[in-house]
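Working notes, structure below.
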Amino acid sequence: MSKANLNTSIRMDAADHALGAASTITTLMKEVSSLIPHAGPLASALGVTKELISIVNQMRDNKDQCSFLIERILRFLKDLAEESARLKEPIRYGSPTADRLNKLISAIKEIKKDAEAWKNTSLLERFWSRDKIKAAIVKHEKNLTDCLASFT
């Protein structure tokens, strides 16, 4: 394969991956939205996640890493909503599950705050801050994992 063909192939693979991630998030968002009642702790978590998606869609760098976090959040919310529906037991404010959801919402808000800051930085600032940004994403992954583990 020539170098030109290889470069085109790599760019197309990256573009396909980005489109695939966007498609997965869109599909998950529709599924989760249809499962979650319009009020309650799950709706609050979904609302903050929608705000995060909006910010990530405007990002130029670190979009894949942030999309991965969003996908994890949406898959978890979907599982939780399906379990709640199966048990015919809605998640109520003040319940232990709602308290754990509040911790998840706080973690999502932290991701959102950082994503907003990264979105607004210049290319040069993002370049110089790349290690700091990478460390923050790793921290968010760990915080998210800890929040999700609290539900088991």
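Heavy-atom accessible area, probed at 1.4 angstrom with all protein chains present, ranks Thr27, Thr49, Thr97, Thr152 as Thr152, Thr27, Thr97, Thr49, highest first.
Please check the chain for the longest run free of chymotrypsin sites (Phe, Trp or Tyr not before Pro) that are loop-located per DSSP (anything but H, G, I, E, B) and have at most 15 other Cβ atoms within 10 Å.
Numbers: sites that count: Tyr93, Phe151.
The answer is 1-92.
Can you give the calculated 222 nm mean residue ellipticity of the chain, where each DSSP H run of n ≥ 4 adds -39,500 (n - 2.57) and the sum is split over every residue, rounded to the nearest 500 deg cm²/dmol? Walk me through the numbers on the way to the answer.
Details: 6 runs with 125 residues, N = 152.
Computed ellipticity for the chain at 222 nm equals -28500 deg cm²/dmol.
Rolling a 1.4 Å probe across the protein heavy atoms gives the stretch 45-152 an accessible surface of 59 Å² per residue.
If you line up the long axis of helix 63-87 against the longest principal axis of the chain, both from Cα atoms, how many degrees apart are they, to the nearest 10? In the chain, helix 63-87 runs at an angle near 20 degrees to the longest axis.
Leaving ligands, DNA and RNA out of it, report the carbon-plus-sulfur percent of the accessible area of the chain at a 1.4 Å probe. Walk me through the numbers on the way to the answer.
On the way: 5290 of 9380 Å².
After summing per-atom areas, the C and S share lands at 56 percent.
Where does the longest stretch of the chain lie that holds no trypsin sites (Lys or Arg not before Pro) found in a DSSP loop with 11 or fewer other Cβ atoms within 10 Å? Answer from the scan: 93-152. Summing +1 for each Lys or Arg and -1 for each Asp or Glu among the other residues whose beta-carbon sits under 15 angstrom from that of Leu28 gives +1.
As a ratio to 2.2 N^0.38 Å, the alpha-carbon radius of gyration computed for the chain takes the value 1.18. Relative to the longest principal axis of the C-alpha atoms of the chain, give the angle of the C-alpha long axis of helix 3-35, reported between 0 and 90° and rounded to the nearest 10°. That helix lies at roughly 10 degrees to the long axis. To test your reading of the geometry: what angle, between 0 and 90 degrees and rounded to tens, separates the Cα axis of helix 96-119 from the longest principal axis of the chain? For helix 96-119, the angle is close to 20 degrees.
The values are calculated or read from the model by the stated rules, or taken from the named source; none is laboratory data. Please read all numbers here as calculations on a predicted model, not as lab measurements. Cβ coordinates were reconstructed from backbone atoms using ideal geometry, including for glycine residues, and neighbour counts include every protein chain displayed. To get the accessible areas, we keep the full protein, side chains included, count just its heavy atoms, and leave off ligands, DNA and RNA. Shrake-Rupley method; radii C 1.70, N 1.55, O 1.52, S 1.80 Å.
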